[in-house]
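Here the structure is laid out as structure tokens; the discussion comes afterwards.
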Amino acid sequence: MTAENWCVYLILCTNESLYCGITNRPNERFQAHLTGKGARYTRIHKPIAMRVLSDGLSKSEALKQEIATKKLSAKQKNVLWKQMDDTVEIKAV
């Protein structure tokens, strides 16, 4: 991924909730979440796995999609997570 290639991701947490964010470096961002240097939410609710919802976006497009995703209900986010089952998943080691 390049600096202009942004993605929207979901992280499955230990309490079975889903956290949504954006990044232009997904592997490094997931490691930040794992080490407690990511979002406050993932410091409290430890990450298990991350799936990229969409990539190849501009930062502006990614921010808009992140906002739309965060507005979804927990049930809708769970459906989205399950639909992404065949995507590349980064797991906590």
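The values are calculated or read from the model by the stated rules, or taken from the named source; none is laboratory data. Not measured: the values here are computed from a predicted model. For neighbour counting, all protein chains shown are included, and Cβ atoms are generated from backbone atoms with ideal geometry for every residue, glycine included. The accessibility values were calculated without ligands, DNA or RNA, using every heavy atom of the protein model including side chains. Shrake-Rupley method; radii C 1.70, N 1.55, O 1.52, S 1.80 Å.
Return the single residue from 15, 24, 78 with maximal mean-square fluctuation; model: Gaussian network over the chain, springs between Cα atoms under 10 Å.
Largest GNM mean-square fluctuation: 15.
Would you list 67, 90 from the most to the least accessible area, probe 1.4 Å?
My answer, sorted largest first, is 67, 90.
Calculate one ³J(HN,Hα) per residue across the range 38-47 by plugging θ = phi - 60° into the Karplus curve 6.51 cos²θ - 1.76 cosθ + 1.60, and present them in order as whole Hz with x for glycine and proline.
Result, ordered by residue: x, 6, 4, 4, 7, 6, 7, 10, 4, x Hz.
Given the -39500 (n - 2.57) contribution per DSSP H run of 4+ residues, what per-residue ellipticity at 222 nm results for the chain, rounded to the nearest 500 deg cm²/dmol?
It comes out at -11000 deg cm²/dmol, rounded to the nearest 500.
With label points built 7 Å along Cα→Cβ from the Cα atoms of residue 92 and residue 54, find their separation and express it in nm.
Reported label-point gap for residue 92 and residue 54 is 2.9 nm.
Please identify, among 76, 31, 65, the residue showing maximal mean-square fluctuation in a Gaussian network model of the chain using a 10 angstrom Cα cutoff.
76
Send over the per residue convex hull volume for the chain, Cα only, as a whole number of Å³.
Enclosed volume per residue, from the Cα hull, is 91 Å³.
When the solvent-accessible surface of protein heavy atoms is calculated with a 1.4 angstrom probe, in what order do 23, 14, 87 fall, highest first?
The ranking, largest first, comes out as 14, 87, 23.
Please sort by residue number the GluC sites (Glu not before Pro) in the range 1-53 whose DSSP state is loop and whose Cβ has at most 15 other Cβ atoms within 10 Å.
4, 16
Please compute the length gained on full extension between residue 80 and residue 37, using 0.36 nm multiplied by the number of residues separating them and subtracting their Cα-Cα distance.
Taking residue 80 through residue 37 to full extension adds about 12.9 nm, to one decimal.
Roughly speaking, what is the stretch gain from residue 5 to residue 71, that is 0.36 nm per residue apart minus the C-alpha to C-alpha distance, in nm to one decimal?
21.4 nm
Please give the solvent-accessible surface of residue 41 in Å², to the nearest 10, using a probe radius of 1.4 Å with every protein chain present.
80
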